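Remarks on the structure that follows.
None of the figures in this text is laboratory data; all of them are computed from the coordinates on show. Quick caveat: nothing in here was measured; it's all calculated off a predicted structure. FYI the Cβ positions are ideal-geometry reconstructions off the backbone, even for glycines, and counts take in every protein chain you see.
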Amino acid sequence: MESNQLLEIIYLLEDSYIGEYVRGSLWLFPVIQSFHLIGLGILGGAVVIGDFRLLGILMKTETTSYVIRVTKPWFNFGLSILILTGIPLFLSEAVKCYYSRAFWIKISCLLMGTIFVYFIRNPIVLSREENFFMKILGVLSFSIWVVTAASGRWIGFS
């Protein structure tokens with residue numbers, strides 16, 4: 001898709017009912033963003049607990065598979081909140097996001113982190129015994145999510 005076509009779609013998204021409604025309200029954007037940050041906290045907590053267990057920093061008395069199983073519903077819940085609140089936030093400033101490098105980094109890392117957790121980290125951890133490879137998984141996962149959160153925060157400054 002050519003960038004002109006994509007930009008036209010972006011303008012249409014920003015001019016959508018939801019985009020205009022959120023943008024036109026004095027309080028709606030900050031309220032939605034508050035819930036977005038709550039979702040980030042829930043997802044971030046699940047990631048930190050799971051990845052730090054992989055690194056051997058937290059919950060050393062529990063198995064890694066147990067910790068991943070316990071944090072998985074929280075990860076799913078936090079991710080759901082992030083997506084549900086992120087869509088109206090995006091629609092309210094789609095053009096700004098289109099031109100924001102931080103936004104594209106955030107979305108890329110969000111997709112990469114989600115794929116990594118669901119299809120690499122969790123299946124490997126739940127099917128294998130603990131070993132040094134688990135530490136590498138923990139470092140990779142944690143790094144992806146730190147970049148996701150940091151670039152998301154940077155969107156406000158770009």
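Among the trypsin sites (Lys or Arg not before Pro) in the range 54-99, those placed in a DSSP loop whose Cβ has at most 10 other Cβ atoms within 10 Å are 60. Computed from the Cβ-Cβ distance with R0 of 25 Å, the FRET efficiency linking residue 129 to residue 87 stands at 0.05. A DSSP coil position with no more than 15 other Cβ atoms inside 10 Å describes the following chymotrypsin sites (Phe, Trp or Tyr not before Pro) in the range 1-39: 27.
Applying a DSSP loop filter and a limit of 13 other Cβ atoms within 10 Å to the GluC sites (Glu not before Pro) in the range 79-158 leaves 129. Convex hull volume of the Cα atoms of the chain, normalised per residue: 114 Å³. Computed from the Cβ-Cβ distance with R0 of 25 Å, the FRET efficiency linking residue 48 to residue 101 stands at 0.45. Residues 158, 127, 16 in ascending order of nearby Cβ atoms (within 10 Å, fewest first): 127, 158, 16.
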